[in-house]
1. Please compute the modelled spin-label separation between residue A:257 and residue B:293, points set 7 Å along Cα→Cβ, answer in nm with one decimal.
2. Given a Förster distance of 60 Å, report the FRET efficiency between residue A:306 and residue B:192 from their Cβ-Cβ distance, rounded to the nearest 0.05.
3. Work out, step by step, the length gained on full extension between residue A:88 and residue A:10: first 0.36 nm times the residue separation, then minus their alpha carbon distance; give nm to one decimal.
4. Pairs to check: A:334/A:469; A:143/A:302; A:294/B:305; A:43/A:455; A:85/A:370; A:56/A:294. Give those whose C-alpha atoms are more than 26 Å from each other in this structure.
5. Test of understanding: ordering A:43, B:305 by Cβ neighbours within 10 Å, fewest first, what list do you get?
6. Calculate the dipole size of region A:241-386 relative to its Cα centre from +1 charges on Lys and Arg beta carbons and -1 charges on Asp and Glu beta carbons; express the result in debye to the nearest 20.
7. What is the distance in Å between the Cα centres of region B:28-106 and region A:87-160?
8. Set the Förster radius R0 to 22 Å, insert the Cβ-Cβ distance between residue A:185 and residue B:92 as r into 1/(1 + (r/R0)^6), and round the FRET efficiency to 0.05.
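FYI, it's all coordinate maths here, none of it is from the lab. All values reported here derive from a predicted model rather than from experimental measurement. Backbone-built Cβ (ideal geometry, glycine too); neighbour counts: all protein chains shown.
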Amino acid sequence: MNAFNAYHLDGFHDELFLAPGKPRPAAEALLRAAQALGIDELKRRQGLVEAALLRKGITFNVYGHADAQEKIFPFDVLPRVIDLKEWERLEAGLKQRITALNLFLQDIYNERAILKDKILPADLVLSSKGFLTQCQGLSPQRKLWCHIAGTDLVRDKNGVVYVLEDNLRCPSGVSYALENRQLMKRMFPEFFAAASVAPIDDYPRQLLAALQSLSAARRPGVVLLTPGAYNSAYYEHSFLAQQMGIELAEGGDLYVENGRVKLRTTRGPQPVEVIYRRIDDDFLDPLAFRPESKLGVPGLFKAWASGGVALANAPGTGVADDKAVYAYVPQIIKYYLSEEAIIPNVETFICWEAPQRDHVLKNLHKMVVKAVNESGGYGMLVGPHSTEEERETFAARIQAHPRNYIAQPTLALSRMPTLVDGGLEGRHVDLRPYILSGESQWVTPGGLTRVALKKGSLVVNSSQGGGSKDTWVVLPTQPQKPANPELAQLAATEG
Amino acid sequence: MLSRTAGALYWMSRYLERSESVARLVDVNLSLSMDLSGGEDEAWAAVVATTGDLEPFLKRHGAVRRGPALAFLAFDPENPNSVASCVHLARENARTVREHLPSEAWEAINALYLNLRQAASLGDSPGTLEAALEEVRLAGRQLDGLLATTLVRDEGWQFSQLGQHLERADQTSRLVDVQHALLEGRGGESGHELRWEAVAKSAGALTMYRRRHGGTDGQKVAEFLLLDGAFPRSVSFCLRTAEEALRAINGTPPGMFSNAAEKGLGRLAADLRYTEIADVLEEGIHSWLDRFQQRLNAVGDSVLKEYFEPPAAPEPDQPPAYEHANQQ
């Protein structure tokens with residue numbers, strides 16, 4: 001029996017199969033092509049993909065592993081497939097969400113109408129670590145705070161897609177999605193011949209356009225600010241700078257003079273109007289935030305606050321992706337847009353609120369507990385997979401710092417067939433689309449699918465043993481009107 | 001272009017060139033030492049001396065023997081001038097300016113680094129070292145081609161040219177100096193011609209040398225490698241190329257200079273252009289080369305000072321504390 005027929009769903013929602021041996025319609029052509037290649041051939045090509053990733057240096061550094069620097073991000077060759085109809089709904093939901101969150105940020109740093117109207121508790125918002133008092137009264141270009149967002153989506157057992165978290169500070173991973181697609185096209189031409197897939201290569205151009213739209217200058221100077229070659233996402237920084245054709249600057253390459261930012265070049269100082277910064281708020285400017293930071297640019301915050309330079313994302317967006325504030329996003333959407341949230345939230349218990357905290361503490365073994373400001377899969381407890389001791393540690397932490405924790409029921413995340421030693425097995429996945437906001441909004445068709453490669457694991461973060469997959473938004477195949485009838489005629493007779 | 005970027009391109013090219021020089025030296029000596037009966041270790045000592053690392057080598061290993069010398073020159077991570085170390089440093093520099101390079105160039109350097117690492121882990125298996133050294137030489141040509149056909153002729157290109165040609169001039173002059181010392185007073189001994197041919201081969205000059213001069217003669221080889229105006233790997237030719245690149249950065253017209261680096265390099269290149277082998281011999285090859293080396297080093301120092309040390313930049317970044325960018 002072949003590996004595709006032997007593949008079991010084990011009661012989970014599967015992204016490619018409706019039932020054992022029965023593909024979802026959008027995945028049918030792909031699965032037929034994959035099956036024709038066979039497991040051994042898929043594995044051989046997976047080896048080639050991995051070798052190419054290493055050669056290209058598409059790697060990341062794992063913190064706390066001295067000699068394990070530069071690992072490749074594990075990659076699985078079976079793509080995730082989303083049908084166009086579902087994607088259109090998700091895309092609308094993501095745009096709606098980011099629009100509302102930008103309005104929220106503008107509001108809480110200015111009028112605070114939403115707090116006055118008591119839609120969410122003022123002390124909860126103002127006590128967020130991501131809330132920067134320095135930003136009060138400020139209005140960035142276009143009144144946009146978050147220009148690049150990476151929103152994590154998950155699907156549960158019943159097939160419903162939820163927003164798991166909003167990443168509004170420095171979301172990473174888009175370069176992997178772009179490189180994955182490039183490699184897939186090279187290694188699996190059969191797959192792309194079988195299905196019509198929405199291209200994603202437009203991202204760097206769209207990103208540059210969004211960044212440029214933050215300045216009134218005709219040809220604004222745009223740079224990407226990186227913490228440097230030792231940062232875990234350095235590969236992505238250099239990749240995006242290269243794709244956009246802009247300078248990759250470190251803090252020491254920039255300085256502020258008369259409220260304007262300048263780049264030190266071999267031909268003297270050059271003006272910089274927009275900075276895509278991949279450094280956390282805290283490290284941006286030693287004069288405004290952490291004085292010991294050597295990564296940032298002294299005076300940068302003041303230059304931004306006075307309109308001398310645009311920062312993407314703006315400082316202070318962290319308050320809106322605080323996991324306790326997350327719990328209120330559906331109300332935030334309703335308040336600013338008078339619409340219901342298109343993509344629902346996962347039910348969330350805020351440990352700060354006593355009754356909810358009691359519920360969490362009583363049900364720790366069933367819940368996922370997360371620190372409100374952490375990301376990357378750090379600082380979390382997956383209840384059903386935890387030990388008694390871990391639960392006690394977390395209970396103590398929650399009681400000591402209730403504002404720092406939220407909890408959610410453990411979701412039975414959807415799965416995808418994934419290549420393993422024995423053949424194909426189901427592994428849990430999530431999805432991170434990237435949403436750009438500038439003059440207009442743009443969403444990557446698909447995004448980065450992360451997969452928890454450890455059997456049964458629900459944690460997809462690369463730092464915790466996760467890998468990735470190419471993500472396809474599949475377009476319905478329809479006969480296209482030929483651009484050049486004569487050529488079309490030739491093509492038709494050729495075959 | 002950022003000063004930091006210019007510096008990284010300069011060093012990337014210098015280290016690539018150095019890795020190739022050392023690889024050539026080792027490769028040629030491997031083959032030569034099989035043709036020599038006796039004096040093999042002495043030949044290896046000369047190679048280690050050429051890279052300027054005889055002292056640290058002796059401190060660690062006592063005397064020079066073939067095995068340890070090979071390991072030291074090829075893969076030793078503690079020897080900053082080993083082939084592997086040079087490739088590693090070239091790659092680290094390339095990594096910080098990846099957005100300035102065609103992606104094939106970065107991939108070629110990265111692949112070379114990974115392959116050398118693998119070769120080093122294979123240890124002493126026959127053929128591994130030779131294959132690795134050949135790969136280093138070929139990668140050098142591949143990168144020359146990639147950069148020459150894709151880089152726009154801006155400062156980045158000029159700094160890369162400058163680094164490559166200063167390094168090549170440096171390596172070739174060392175090669176002649178050390179081998180000359182070794183071969184002096186051995187005229188007529190068996191193997192003498194073979195060795196001079198090996199010197200020419202190390203500099204990638206043997207075929208061209210033969211076409212120009214025919215038979216092997218130590219003086220003629222030295223002249224060809226140091227002063228030939230038409231051979232692109234000669235010291236004189238390299239200095240001319242380096243000088244053109246340096247002047248192009250600031251747009252200084254030929255024969256003029258706008259800073260100490262341009263002045264030093266212009267003067268040195270002109271001196272070589274008007275030097276004949278008789279002048280060198282009159283002073284003595286070693287003494288002449290010694291003086292040349294000092295002047296070349298001074299040029300290198302003034303390039304660093306003039307272009308890469310930003311006047312009031314903050315201190316260079318240490319590998320920073322890891323919590324600075326809580327990646328989402």
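1. Label-label distance for residue B:293 and residue A:257, simple model: 4.3 nm.
2. Between residue A:306 and residue B:192 the formula returns 0.20.
3. Here the segment from residue A:88 to residue A:10 would lengthen by 25.2 nm.
4. In this structure, A:334/A:469; A:85/A:370; A:56/A:294 lie more than 26 Å apart at Cα.
5. Ranked by crowding around the Cβ, least crowded first: B:305, A:43.
6. Values: 15 positive and 18 negative charges, 40 e Å.
Dipole of region A:241-386, to the nearest 20 debye: 200 debye.
7. So the separation of the two Cα centres works out to 57 Å.
8. Values: r = 31 Å, r/R0 = 1.39.
After rounding, the FRET efficiency stands at 0.10.
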